[in-house]
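One structure is given below, encoded as structure tokens.
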Amino acid sequence: MNTSQPKTDLKNLTQEQLVRFVESLGQPSFRGRQILAWIYRPGITDFGQMTDLAKVFREALAQSATISRFDRYMVEHSTDGAVKFAFRLDGGNLIESVFIPEEDRTTLCVSSQVGCAMGCTFCLTGSMGFTRNLTTAEIINQVCAVRDWALAHGQGPLTNIVFMGMGEPLANFDHLVDAISILTEQRGLDFSNRRITVSTCGLVPQMRLLGERTDVNLAVSLHAADDAVRSGLMPINRRYPIGELIEACRTYRQKRRKRIMFEYTLLAGINDSDGDAERLADLLRDVPCKINVLAVNPTGETTFRSPEPEGILRFQRILRDRGFTVFIRQSRGEDISAACGQLAGTGWREEVVEEAAPLGADGCQFK
């Protein structure tokens, strides 16, 4: 064997890719499915633990492959129960994920890129610029690390995944789709498609592909109902203007009774008037959808202000009177810069590093 070749990180591989990998080692295809079932169990860190594989095969795997994980991370706790995690990547970059416990669910907000190239003016992540896409393993390992942390800290299992962290998920399309495959594979992380949501600022061609390749939920960051305002807030609108975006939403391939979630951040004096609400209702009248309205979160980098609470309620009421399902989204983790638009991978102190939770293969914490 050529030992100079880099080892294959098995967490970069979907089940189909893992099958092809073991076949390249002269093994039958079912070994790939066996390995997939092993590597996503809590506490599995090396091939020696895979006791139903022949010892000689385990040794061959150790020579050619690796199982990556985030075994150290930084953690910050919000007064409202949200928990922000920072993971340091090879090369030194930081990415952030946010764990959000609620009464009936636990949600993890996952990052897909280091930084973001979209440049939305109200989003602190956009001010970072773009560094690189995350690999499939780097996306998946956020989920694995927080899952194990939650189990070890009595928070229960993760139930929902939202791709709303750092980066534009659809700009990292191939790794996103592979990560979704692993997340939803029963032998992988076994999430339901309906428990996964991908948010986009409006990359129209990739939206169409996402509908063809997956059956997860789609959320579209809209934030304005006319091109002039949206282009000022979101540069992507100059490439894919509102008419083209809404047509892609109208024809988006999804299961019956599923609805697209439109996200609308309210910016005082910019997009929060009664007329803005009426224009939004007219724009979305033919699209099966729900609407999340949320007040802009302070970033310290912009002068955007949130409307008064009564203005937010009036905006919601106008849309509801036009027949829409409208939620007022309550931001979580604002006091630790973990709310929407606040993730930037800055301000961390290395002394808050925690070791990964010591879990056994059955998910129980070692004593």
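Think of the range 79-350 as a dipole: +1 on every Lys or Arg Cβ, -1 on every Asp or Glu Cβ, centred on the Cα centre; then among Ala268, Cys289, Phe163, Cys289 lies furthest on the positive end.
Could you work out the Kirkwood radius for the chain, taking every pair of different alpha carbons, averaging 1/r and inverting it, reported in Å? Could the numbers behind the result be given before it?
Values: mean 1/r = 0.0461 Å⁻¹.
Taking the inverse mean of 1/r over all distinct Cα pairs, the chain comes out at 21.7 Å.
When only alpha carbons are used to place a centre, the range 160-203 and the range 81-112 end up 14 Å from one another.
Contour minus end-to-end for Gln5 and Lys55, with contour as 0.36 nm per residue of separation and end-to-end as the Cα-Cα distance? Walk me through the numbers on the way to the answer.
Numbers: separation 50, 0.36 × 50 = 18.00 nm, distance 2.24 nm.
So the extension gain works out to 15.8 nm.
Quick one: putting +1 on the C-beta of Lys and Arg, -1 on the C-beta of Asp and Glu, what dipole do you get for the chain around its Cα centre, in Debye to the nearest 20? Each step should come with its number before you reach the end.
Values: 42 positive and 45 negative charges, 221 e Å.
Result for the chain is approximately 1060 debye, rounded to the nearest 20.
At a threshold of 8 angstrom on Cα-Cα distance, excluding pairs fewer than six apart, so keeping six or more, what relative contact order does the chain reach in percent?
Working: 700 pairs, mean separation 69.4, N = 367.
Reported as a whole number, the value is 19 percent.
How many percent of Cα pairs in the range 12-156 exceed 18 Å? For the range 12-156, the fraction of Cα-Cα distances above 18 Å is 64 percent. Taking the square roots of five times each eigenvalue of the Cα gyration tensor of the range 173-230, the equivalent ellipsoid has semi-axes of 27, 11, 8 Å, listed largest first. Using a cutoff of 8 angstrom between alpha carbon atoms and counting only pairs six or more residues apart, the relative contact order for the range 215-286 works out to 49 percent.
Lysines near Lys290 by alpha-carbon distance under 23 Å, same-chain residues fewer than 8 away left out - which ones? Within the straight-line cut-off, Lys290 pairs with Lys255, Lys258.
Converting phi to 3J(HN,Hα) with the Karplus coefficients 6.51, -1.76 and 1.60 and the offset θ = phi - 60°, the range 198-211 yields 10, 9, 9, 7, x, 7, 4, x, 5, 4, 4, 5, 4, x Hz in sequence order, with x at every glycine or proline. Calculated FRET efficiency, Glu212 to Leu89, Cβ-Cβ distance, R0 = 30 Å: about 0.50 to the nearest 0.05.
Taking only alpha carbon atoms, the range 9-66 gives an Rg to Rh ratio of 0.90, where Rh is the Kirkwood radius.
What is the range 50-135 by shape, rounded, prolate or oblate, if you read a ≥ b ≥ c off the alpha carbon gyration tensor as root eigenvalues and call it rounded for a/c under 1.5, prolate for a/b larger than b/c, and oblate otherwise?
Working: a/c = 2.98, a/b = 1.60, b/c = 1.86.
Note, shape of the range 50-135 comes out oblate.
Dipole orientation for the chain: of the candidates Ser306, Pro28, Ala54, Pro28 has the Cα lying most toward the positive pole (charges on Cβ; Lys, Arg +1; Asp, Glu -1).
In this label model, Asp282 and Gln63 are separated by 7.1 nm, measuring between points 7 Å along each Cα→Cβ vector.
With Rg and the Kirkwood Rh both taken from Cα atoms, where does Rg over Rh land for the range 179-289? The partial results should precede the final answer.
Numbers: Rg = 15.2 Å, Rh = 14.9 Å.
Result for the range 179-289 is an Rg/Rh of 1.02.
Take every pair of alpha-carbon atoms less than 8 Å apart whose residues are at least six positions apart; their mean separation over the length of the range 9-66 yields a relative contact order of 29 percent.
All of the numbers you see were taken from the coordinates with simple rules; none came from a lab. All figures in this text were calculated on a predicted structure; none of them were measured in a lab. Here the Cβ is made from the backbone with ideal geometry for all residues, glycine too, and neighbour counts use every protein chain on show.
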